[in-house]
Amino acid sequence: MLDFINRIFGRESSSSRNVAKERLRLVLVHDRAGVSPELLESLKADLINVISNYMEIDEDGLDVSLDSSENQVALVANIPVKKMKRKFETESA
Amino acid sequence: MGEVIVITSGKGGVGKTTTSANLGAGLASAGSRVCLIDADIGLRNLDVVMGLENRIVYDLVDVTSGNCSFRKALIKDKRFDKLFLMPAAQTKDKTAVNPAQMEVLCNEIKDDFDYVLIDCPAGIEQGFRNAIAGADQAIVVTTPEVSAVRDADRIIGLLEKEDLREPKLIVNRMRHQMVKHGDMMSIDDIIEILAIDLLGVVPEDELVVVSTNRGEMVVLNNNSKSGQAYRNIVRRIRGEDVPMMSLEDSGLFGKLRRIIGLK
Ligand SMILES: Nc1ncnc2c1ncn2[C@@H]1O[C@H](COP(=O)(O)OP(=O)(O)OP(=O)(O)O)[C@@H](O)[C@H]1O
Ligand SMILES: [Mg+2]
């Protein structure tokens, strides 16, 4: 029913207006990340810091990228682990 | 000392030149001293849009290369004695001018005017770099289409890198009927995506084409919606607080939609 109402009122989610908006949102995730590679570099450094509290990782083998499928963009991180720490340190501890 | 405002877009054909001419004429008719600079070297257009094409003797490249003073190259508009145009060179290309020269020129010109408006060429190459070099502020023009908004986003990023922070947005060729039917992105959609301040919305209007055919500016036509939109933008640039024109769908369905909470 709501779907029907939405349709007469021009709000169905498949309207070309909504499709346009969604496509833009996705493409801009890539554009903005591509225009400032510093963003991903800085994210990498922060990730290394956080993860090092829990495990020893291979920093050179670390790979962070954006991966897009049909209707979403995912942040994909491949982080080779060398060793787990027996005792972990958290900020709050 | 005046303000130098660059009018840019990334994507071509979205209305930079039309916007420059109309804001220039609008500001001049409101009493400001205005100089328009056509920075689209090789594709000179602002002169014909303003109906001043028969009066060009010197051009921008003559000035930056030291062939003549900037005052000598300026063309005085026939309608307003406070409106001037610095035409682009038509036979050279954009490498005939560099950003440092543009900065010097803008700094010199702005002493004589309240507003210096620069009509930027499409693209992000040297023509764009030249056009923004001497600017204090930027206006980004887009249309409600995916490609134009995407390019606007890129341009906003580049402007911020060049320290032209907080550019303002003009959405041109808006068709509210289409938005209403779910066939065009709305102003809210675009603002949400680009996250910048809105300076104004200009509707799609045949009178823009009719005026341009005659070398006239629609901003001077009191019976046009687009003219009204440009006049509102002019007042906002001059510091007045003017509410956004309501071309929005306050029709029956729009109201109903708000009542039943679908908006
Ligand atoms: N609001 C409008 N309604 C109808 N037509 C318009 C409107 N704005 C611009 N146009 C038309 O769109 C065309 C392109 O406009 P304009 O030349 O101003 O774009 P531009 O961004 O300067 O292009 P370029 O990138 O080539 O310099 C022109 O024919 C103009 O008359
Ligand atoms: Mg143009």
Original post:
For the residue pair A:Glu59 and A:Ser36, what label-to-label distance in nm results when each label sits 7 Å from Cα along the Cα-to-beta-carbon direction?
Top reply: 2.3 nm
Original post:
Relative contact order of segment B:106-257: what whole-number percent is it, with Cα pairs under 8 angstrom and at least 6 residues apart?
Top reply: 16 percent
Original post:
In deg cm²/dmol and to the nearest 500, what is the mean residue ellipticity at 222 nm of chain B if only DSSP H runs of at least 4 residues count, each as -39500 (n - 2.57), divided by the residue total?
Top reply: -11000 deg cm²/dmol
Subject >> Spatial separation of Cα centroids for segment B:85-162 and segment A:26-58, in angstrom >> reply: 33 Å
Original post:
Where a Cα-Cα gap under 17 Å defines reach, which aspartates and glutamates qualify for A:Lys83, not counting those fewer than 8 residues away within the same chain?
Top reply: A:Glu56, A:Asp58, A:Glu59, A:Asp60
Subject >> Inter-chain shielding of A:14-26 (mean C-beta neighbours from other protein chains, 10 Å cut-off) >> reply: 5
**OP:** Figure the gain on full extension for B:Asp188 and B:Glu3 (residue separation times 0.36 nm, minus the Cα-Cα span) and round it to one decimal in nm.
**Re:** 63.7 nm
Original post:
Quick one: length gained pulling B:Asp112 to B:Val146 fully straight, 0.36 nm per residue minus the C-alpha distance?
Top reply: 8.3 nm
**OP:** Can you work out the PRE-style zone for A:Met84? Point 7 Å along Cα to Cβ, and I want the residues of segment A:48-74 with backbone N under 11 Å.
**Re:** A:55
Original post:
B:Ala195 to A:Asn18: FRET efficiency via 1/(1 + (r/R0)^6), r the Cβ-Cβ distance, R0 25 Å, to the nearest 0.05?
Top reply: 0.85
Subject >> Relative contact order (%) - criterion: Cα under 8 Å, at least six apart; region: chain B >> reply: 24 percent
**OP:** Find the lysine pairs in segment B:80-239 meeting two conditions, Cα atoms under 22 Å apart and a separation of 8 or more places or different chains, and report how many there are.
**Re:** 5
Original post:
In percent, how large is the relative contact order of segment B:62-165, given Cα pairs closer than 8 Å and 6 or more residues apart?
Top reply: 19 percent
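Quick note: the coordinates plus some simple rules give every number you see, no bench work behind them. The model shown is predicted, which means the values in this text are computed figures rather than measured ones. All Cβ positions, glycine included, derive from the backbone under ideal geometry; neighbour counts span all protein chains shown.
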